[in-house]
Structures are given as structure tokens and as C-alpha cells.
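Below you'll find the structure, written out as C-alpha cells, and then a few comments.
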Number of protein chains: 2
Amino acid sequence: MPRVVVHVMPKPEILDPQGKAVAAALPRLGFEGIASVRQGKRFELEVEGEVTDEVLASLREAAETLLSNPVIEDVVALEVEDA
Amino acid sequence: MPRVVVHVMPKPEILDPQGKAVAAALPRLGFEGIASVRQGKRFELEVEGEVTDEVLASLREAAETLLSNPVIEDVVALEVEDA
């Protein structure tokens with residue numbers, strides 16, 4: 001079944017407290033050299049049937065309305081993986 | 001500054017209530033044809049200096065210990081993006 005992977009990240013101008021917490025924890029645990037961390041979301045959608053341009057356009061709309069909050073997040077990528 | 005992107009997903013055998021909620025919401029909002037949804041995390045780490053094999057190995061360890069919970073999650077990919 002083909003899979004569409006949707007990548008969502010907080011907009012660059014939005015504060016990301018989860019990412020900041022991870023960035024602060026890394027050196028405490030001995031991992032040095034990381035300037036910053038941002039945390040977003042990754043969705044894997046199993047699609048019934050073929051991923052046509054139409055299906056992909058519909059999924060992009062879903063990604064921008066349901067999977068992300070357009071006020072604070074960007075859909076940074078939409079990838080099709082055949083399986 | 002080079003960037004390492006870490007992709008974390010719930011293990012296949014782990015129930016994913018967030019993904020199930022999204023999968024249930026999609027048809028209500030008019031998006032049909034999605035068999036299942038799983039929700040994971042995506043981290044973008046800005047690395048100071050070059051991403052050597054050593055740095056990448058250290059980041060993989062960080063990904064598997066700090067960025068994911070190895071009991072319920074898998075690090076499905078670690079990508080290097082030069083910027």
C-alpha cells in the first residue's frame with residue numbers, strides 16, 4: 001500500500017519550547033556541538049489505491065488544515081513512498 | 001550550518017492513539033481513502049562544524065536515548081542536510 005509521509009515543523013518565528021528543552025538536555029548528557037534543535041511532527045498515511053496528483057492535492061489540503069496548525073506550523077514536505 | 005534531521009515513529013506493535021484520532025477525523029472532513037495514520041516526531045538539529053561519521057554516530061546515540069523512547073519508538077531515519 002503506498003504511503004504518504006507528511007512533515008510538519010513549527011514556523012521559524014515561533015518559539016519551540018520542546019526543541020529548546022532537548023537542546024538544553026543534549027550537553028548535560030554529553031552530546032556537544034549542537035547549536036539548536038527544533039521539534040516537529042511526522043505523519044505516515046497509508047493510502048488505499050494509487051497516489052494520483054488529485055489524491056496528493058487532497059492530502060496536501062488535509063496536511064495544511066488537519067495535520068498542522070497553519071498559524072504556528074508549516075508543512076515542510078509531502079513525500080510519496082511506494083510499498 | 002549543516003542540519004541533521006531525526007525521524008522517530010512509534011513501533012509498529014504500539015497503539016498510536018494520536019494517529020487513530022487523525023485517521024478518524026479525515027473522512028469526517030471529507031478526505032477519503034486513507035487506510036491508516038501513524039504520528040511520529042521529526043527533529044531538526046543544527047550542528048556546529050562538519051558532520052563527520054563520529055558526529056553522526058554520537059547523534060544516532062542521542063536520537064536513540066534522548067530523542068526517542070526505545071521502549072515504544074524507533075528512530076526510522078537520520079538524514080544529513082547541508083545548509
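Worth pointing out:
- For A:A21, label point 7 Å along C-beta direction: distances to other copies, nm: 1.7
- Computed Rg/Rh of the protein assembly as shown, alpha carbon atoms with Kirkwood Rh: 0.99
- GluC sites (Glu not before Pro) within the range A:9-81, DSSP loop, no more than 14 other Cβ atoms inside 10 Å: A:E13, A:E32, A:E48, A:E50
- In order along the range B:6-13, phi translates into HN-Hα couplings of 10, 10, 10, 10, x, 4, x, 7 Hz, rounded to whole numbers, per the Karplus curve 6.51 cos²θ - 1.76 cosθ + 1.60 with θ = phi - 60° and x for Gly and Pro.
- Lys, Arg +1 and Asp, Glu -1 on Cβ, resulting dipole of the range B:2-61 about Cα centre, debye, nearest 20: 540 debye
- Inter-copy spacing of A:G49 label points, which lie 7 Å from Cα along Cα→Cβ, given in nm from shortest upward: 5.4
- Axis angle, to the nearest 10 degrees, between helix A:17-28 and the longest C-alpha principal axis of chain A: 50 degrees.
- A cut-off of 5 Å between modelled amide H atoms, ignoring neighbours fewer than 5 places along the same chain, links B:D74 with B:M9, B:K11.
- When each of A:D74, B:D82 is scored by the number of other beta-carbon atoms lying within 10 Å, the sequence from fewest to most is B:D82, A:D74.
- Cα extents for chain B along the principal axes, largest to smallest and rounded to whole angstrom: 47, 29, 14.
- Shielding by partners, peptide A:27-38 (average Cβ within 10 angstrom, other chains): 6
- Calculated mean residue ellipticity, 222 nm, the protein assembly as shown: -8000 deg cm²/dmol, from DSSP H runs (n ≥ 4) at -39500 (n - 2.57) each, averaged per residue and rounded to 500.
- Simple rule: put +1 on each Lys or Arg Cβ and -1 on each Asp or Glu Cβ in chain B, find the dipole, and look at B:A63, B:A21, B:P10; the Cα lying farthest toward the positive end is B:A21.
- Relative to the dominant Cα principal axis of chain B, helix B:53-62 is inclined by about 40°.
- Rotation relating A and B, chain B residue nearest the axis via C-beta, angstrom: B:R42, 2
- A:R28-B:T52 FRET efficiency (beta carbon distance; Förster radius 30 Å; 0.05 resolution): 0.85
- The range A:51-76 versus the range B:48-83: alpha-carbon centroid distance in Å: 27 Å
Read the figures in this text as sums done on the coordinates, not as results from a lab. Values in this document were obtained by computation on a predicted structure and should not be read as measured data. Cβ atoms come from the backbone with ideal geometry, glycine included; neighbour counts cover every protein chain shown.
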